[in-house]
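> Quick one: structure below, then a few questions.
Derivation of every value follows stated rules applied to the coordinates shown; laboratory data play no part. Please read all numbers here as calculations on a predicted model, not as lab measurements. Here the Cβ is made from the backbone with ideal geometry for all residues, glycine too, and neighbour counts use every protein chain on show.
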Amino acid sequence: MPVPGRGELLIRIAAVALNYRDKMVIETGRGLPLAFPFTPGSDFAGTIVAHGSDSDRFSVGDRVIPHFTPEWIDGRRPGDARTPAYRTLGGFYPGVLAEYVVLPDSWLVKAPTTLSDAEAATLPVAGLTAWFALVERAGVRAGDTVLIPSTGGVALFGLQIAKAHGAQVIVWSEGDMLDKARAIGADHCLDRDRADLREAVYAITGDRGVDHVLEVVGGGHLARSVELVAVGGHICQIGALDGFDLSAPAMPLMLKDVTIHGIGTGHRTALERLVRAVDQTGLKPVIDSRYGLAELPAALDRLDRGPFGKIIVEFG
């Protein structure tokens, strides 16, 4: 049993939400400076059971969730041009796939009162990334059109957050994922393999283009986003499923006055705003499946099969 020190809290973990990066850390380390033995995982919801000295942000019994990049409280992200900061839970810092963890109290925020532990555990990475992109950086608002070319964890949060702000949402995916996306609010669902995808988006928007793209694919797909974004629109570059070397034509990028936001989750203040928004709007995260800790290998395998929503590991 870990013991909290000065400014620290002992937390009993109730649920952990898995991200694909957790599987990559387990399998390859992702080139991170891991100190062994190492515990993976970064998203959880739990209850404070004890606190060390000089810890007064929370009380015993409070339900909390963690902040993924704990040193980024507000404002500009830490780091400099030579060394951008990327010190995260379950990567640089030990993770949370454990029955009990000790963390500094500044690394935590209160969990939403309207969500279960399993639901609340999904917010720190996927939820905050989508929120920070669309709300904190791109400024989505009622009447906007948002293009989301995926149905992954960040994408589904983006869909729900955009709808909560009164935006119209276009989703690209395939098969039954389109029906599922429509069921949680997508206004237009397009098969990503259709030959007239560009013309379909232009038709939906009356040739204006989309105001925001949640770019979770990366690589050469950025060129498609530039093609479809409206004049003065925003592209939130989040993922790199198609590679880390981005490419796009410069002329439409310049003539359209497009803003590209590089998104790497968000700061703690934004997470606190997301929690308040969840409680006020009734947003419910999408959960694909739940596993016990002993079933962790099966849960990680499920990540490879393209879940619709988050995968949860629950602690009984």
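> Tell me which residues come under 5 Å, amide H to amide H, from residue 90 once H is placed; ignore anything under 5 positions away on its chain.
Those qualifying (amide H under 5 Å, at least 5 residues apart or on another chain) are 95.
> Residue 235's amide H: which non-local residues (gap 5+, or another chain) put their own amide H closer than 5 Å, with H modeled 1.01 Å from N in plane and none for Pro or chain starts?
Correct list: 213, 259, 260, 261.
> Still on this structure, I have one more. Give 284/310; 23/163; 23/180 a once-over and call out the pairs whose C-alpha atoms are over 20 Å from each other. Write down the numbers at each step before the final one.
Numbers: 284/310 12 Å; 23/163 30 Å; 23/180 25 Å.
Over 20 Å Cα-Cα: 23/163; 23/180.
> Quick one: what are the phi-derived ³J(HN,Hα) couplings along region 200-216, Karplus 6.51/-1.76/1.60 with θ = phi - 60°, whole Hz, x for glycine and proline?
Calculated HN-Hα couplings, in order: 5, 5, 4, 5, 4, 9, x, 6, 6, x, 8, 6, 9, 10, 8, 7, 9 Hz.
> Show me, for region 113-124, the HN-Hα J-couplings you get by feeding each phi into the Karplus relation (A = 6.51, B = -1.76, C = 1.60, θ = phi - 60°), rounded to Hz, glycine and proline as x.
So the Karplus estimates, Gly and Pro as x, are 6, 8, 10, 5, 4, 4, 5, 5, 5, 7, 6, x Hz.
> Using +1 on the beta carbon of Lys and Arg, -1 on that of Asp and Glu, and nothing else charged, what's the dipole of the chain about the Cα centre, debye to 20? Don't jump to the answer; show the numbers that get you there.
Values: 31 positive and 38 negative charges, 86 e Å.
The dipole magnitude comes to about 420 debye.
> Here's another thing I want to ask about it. Comparing 195, 138, 120, which has the greatest mean-square fluctuation in the GNM of the chain with Cα pairs linked when under 10 Å apart?
Most flexible of the set in this elastic network: 195.
> Additional query: Measuring from label point to label point, each 7 Å out along Cα→Cβ, what is the residue 85 to residue 203 span in nm?
So the two model labels end up 4.8 nm from each other.
> Let me see the P(r) profile for the chain: every Cα-Cα distance counted, bins of 20 Å, each bin given as a percent of all pairs.
Bin by bin from 0 Å, the calculated values are 33, 57, 10, 0.
> Now, a different point. Using a 10 angstrom cutoff on alpha carbons, build the Gaussian network for the chain and name the most mobile of 68, 157, 58.
Greatest mean-square fluctuation among the candidates belongs to 58.
> Under Stokes-Einstein, with the Kirkwood radius over Cα pairs standing in for Rh, what whole-number D in µm²/s applies to region 174-316 at 37 °C and 0.692 mPa s?
D, rounded to a whole number, is 184 µm²/s.
> Would you list 116, 289, 42, 55 from fewest to most Cβ contacts within 10 Å?
289, 116, 55, 42
> Right, another one. For region 238-316, treating each Cα as an identical point scatterer without solvent, what Debye log10 I(q)/I(0) comes out at q = 0.15, 0.17 1/Å?
Evaluating at q = 0.15, 0.17 Å⁻¹ gives log10 I(q)/I(0) of -0.91, -1.02.
> Still on this structure, please answer the following. Projecting each Cα onto the charge dipole of region 127-262 (Lys/Arg +1, Asp/Glu -1 at the beta carbon, about the Cα centre), which of 175, 251, 206 comes out farthest on the positive side?
Of the candidates, 206 comes out farthest on the positive side.
> Once you've got the GNM for the chain with C-alpha springs shorter than 10 Å, pick whichever of 123, 178, 134 has the biggest mean-square fluctuation.
It is 178.
> Residue by residue through region 265-275, what is 3J(HN,Hα) from phi via Karplus (6.51 cos²θ - 1.76 cosθ + 1.60, θ = phi - 60°)? Round to whole Hz and write x for glycine and proline.
So the Karplus estimates, Gly and Pro as x, are 6, x, 8, 5, 4, 5, 4, 5, 5, 4, 4 Hz.
> Can you list the residues, at least 5 places off or on another chain, whose amide H is less than 5 Å from the amide H of residue 210, using H built in the peptide plane?
Result for residue 210 returns 229, 230.
> Next question. What is the fewest-to-most order of 173, 106 by other Cβ atoms lying within 10 Å of their Cβ? Intermediate values should be presented prior to the final figure.
Numbers: 173 23, 106 15.
The fewest-first ordering by Cβ neighbours comes to 106, 173.
> Pairing the Cα long axis of helix 153-164 with the longest principal axis of the chain, what angle in degrees results, from 0 to 90 and rounded to the nearest 10?
Helix 153-164 sits roughly 70 degrees off the main axis of the chain.
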